[in-house]
Amino acid sequence: MTEDRHSRFRDAHSDRSRAEHVPATPQTQASAYRLAFADEEFLCREELRPVRLQLELLKPEVLLNEHGINSTIVMFGGARIPDPKHKDQARTQTLADLSHFYDEAREFARLMTEKSKQSGGRENVVVTGGGPGVMEAGNRGAHDAGGRSIGLSIVLPHEQAPNGYVTPDLSFNFHYFAIRKMHFLMRARAITVFPGGFGTLDELFESLTLIQTGRMERVPFLLFGKAFWEKIINWDALADAGTISDQDLDLFRFVDTAKEAVDIIDNWDPAPPRDSIPGREG
């Protein structure tokens, strides 16, 4: 939100501009002379990591507030899930078989964005990781509905740019995975998880852990593709072993279609918060 009050102090933009146009002397050309907040080399120093963490937390928060976004619908899922039109190019038959979840993700995002538009695009805004695959499908569905969507990208060796369906003013880039995951969950009204790999599993289990331990309030937590998730994770074995409780299996639901997911979110009856894990004190 823009600041309306007038400051009696000179603003930082003016001083940065002025400092760029001072006479060139040995003193002004030295790195020590650069304004600290305009010195990229200084900001990237090891000692400045706490400042960079704070900046990555603060920048998206400020901009999302300025855009009036109050709540989000989180869409996690694999970058390798192809658009069904290109499933013949998938590297494995399994990925080709999973391609229908691209369409389900796209339809789910479209339906949720139609609802979001009723609030002026402030509530239930789709947020993805900004990349290809399921993420692209989510942003694309929001685009189909003529609404806004958020992309939280991260600098990786094999990804060059956000997908073309992210709303440009809501396309963010991160260095720190931890801060990026915080932004996924800070406004989450619901969490959906589509088939994916290590990154998706990391996001799934961290989110579930926060809810299990009472660090985050319960929201609809929907796993798309029951057959996929029951094949790669033996949920019942965890409960049988006692490493999780039986009630932890109620923290999420399996769905297979966009309509199922929307119906659950629409009819969500919030459960009481989970304050602790049985058997854990303090």
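Every read-out reported here was derived from the displayed coordinates using simple, explicitly stated rules and does not represent laboratory data. Just so you know, these numbers come straight off a predicted model, no measurement behind them. A quick note on method: Cβ atoms are made from the backbone with ideal geometry, for glycine too, and the neighbour counts reach across all protein chains shown.
How high is the relative contact order of the chain, in percent, counting Cα pairs under 8 Å that sit 6 or more residues apart? Intermediate results must be reported in sequence, preceding the final value.
Values: 434 pairs, mean separation 46.5, N = 282.
Dividing the mean separation by the residue count of the chain yields 17 percent.
Determine, from the Cβ-Cβ distance of I264 and F177 and an R0 of 25 Å, the FRET efficiency 1/(1 + (r/R0)^6), rounded to the nearest 0.05. Each step should come with its number before you reach the end.
Details: r = 28 Å, r/R0 = 1.14.
According to the calculation, E is roughly 0.30.
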Exercise. What is the magnitude of the charge dipole of the chain about its Cα centre, with +1 placed on the Cβ of each Lys and Arg, -1 on the Cβ of each Asp and Glu, and no other charges, expressed in debye to the nearest 20?
Worked result: 720 debye
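Rounded to the nearest 5, what % of DSSP beta bridges with both residues in segment 71-266 are antiparallel? Spell out each step's value before the answer.
On the way: 1 of 22 bridges.
If I count the DSSP bridges inside segment 71-266, around 5 percent turn out antiparallel.
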For this session: Could you work out how far helix 177-186 tilts from the main Cα principal axis of the chain, as a 0 to 90 degree angle to the nearest 10?
Result: 70 degrees
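Per residue and in cubic angstrom, what volume does the convex hull of the Cα atoms of the chain have? Working shown, then result.
On the way: hull volume 54.6 nm³, N = 282.
It comes to 194 Å³ per residue, whole-number rounded.
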For this session: Compute the long axis of helix 198-212 from its Cα atoms, compare it with the longest principal axis of the Cα atoms of the chain, and write down the angle in degrees, 0 to 90, nearest 10.
Result: 80 degrees
For this session: Please say if segment 1-116 is rounded, prolate or oblate, where rounded means a/c under 1.5 for a ≥ b ≥ c the square roots of the C-alpha gyration tensor eigenvalues, and otherwise the choice is prolate for a/b larger than b/c and oblate otherwise?
Result: prolate
Seminar exercise, completed: If one compares the long axis through the Cα atoms of helix 100-117 with the longest principal axis of the Cα atoms of the chain, the angle in degrees, nearest 10, works out at 60 degrees
Exercise. Going highest first, how would you order 134-143, 64-73, 16-25 by mean Cβ packing within 10 Å?
Worked result: 134-143, 64-73, 16-25
Problem set entry | Stretchable slack from S7 to Q93, in nm (0.36 nm times residue separation minus alpha-carbon distance) | 24.8 nm
Exercise. Per 10 Å bin, what is the whole-percent P(r) computed from every C-alpha pair distance within segment 168-278?
Worked result: 12, 42, 38, 8, 1
For this session: Can you grab the distance from the C-alpha centre of segment 87-157 to the C-alpha centre of segment 17-73, Å, no decimals?
Result: 31 Å
Problem set entry | Karplus 3J(HN,Hα) series, Hz, for segment 215-224 with 6.51 cos²θ - 1.76 cosθ + 1.60 (x for Gly, Pro) | 7, 9, 5, 6, 9, x, 10, 10, 9, 7
Seminar exercise, completed: Shape call for segment 106-178, from the Cα gyration tensor axes a ≥ b ≥ c (a/c under 1.5 means rounded, otherwise prolate when a/b beats b/c, else oblate), comes out prolate
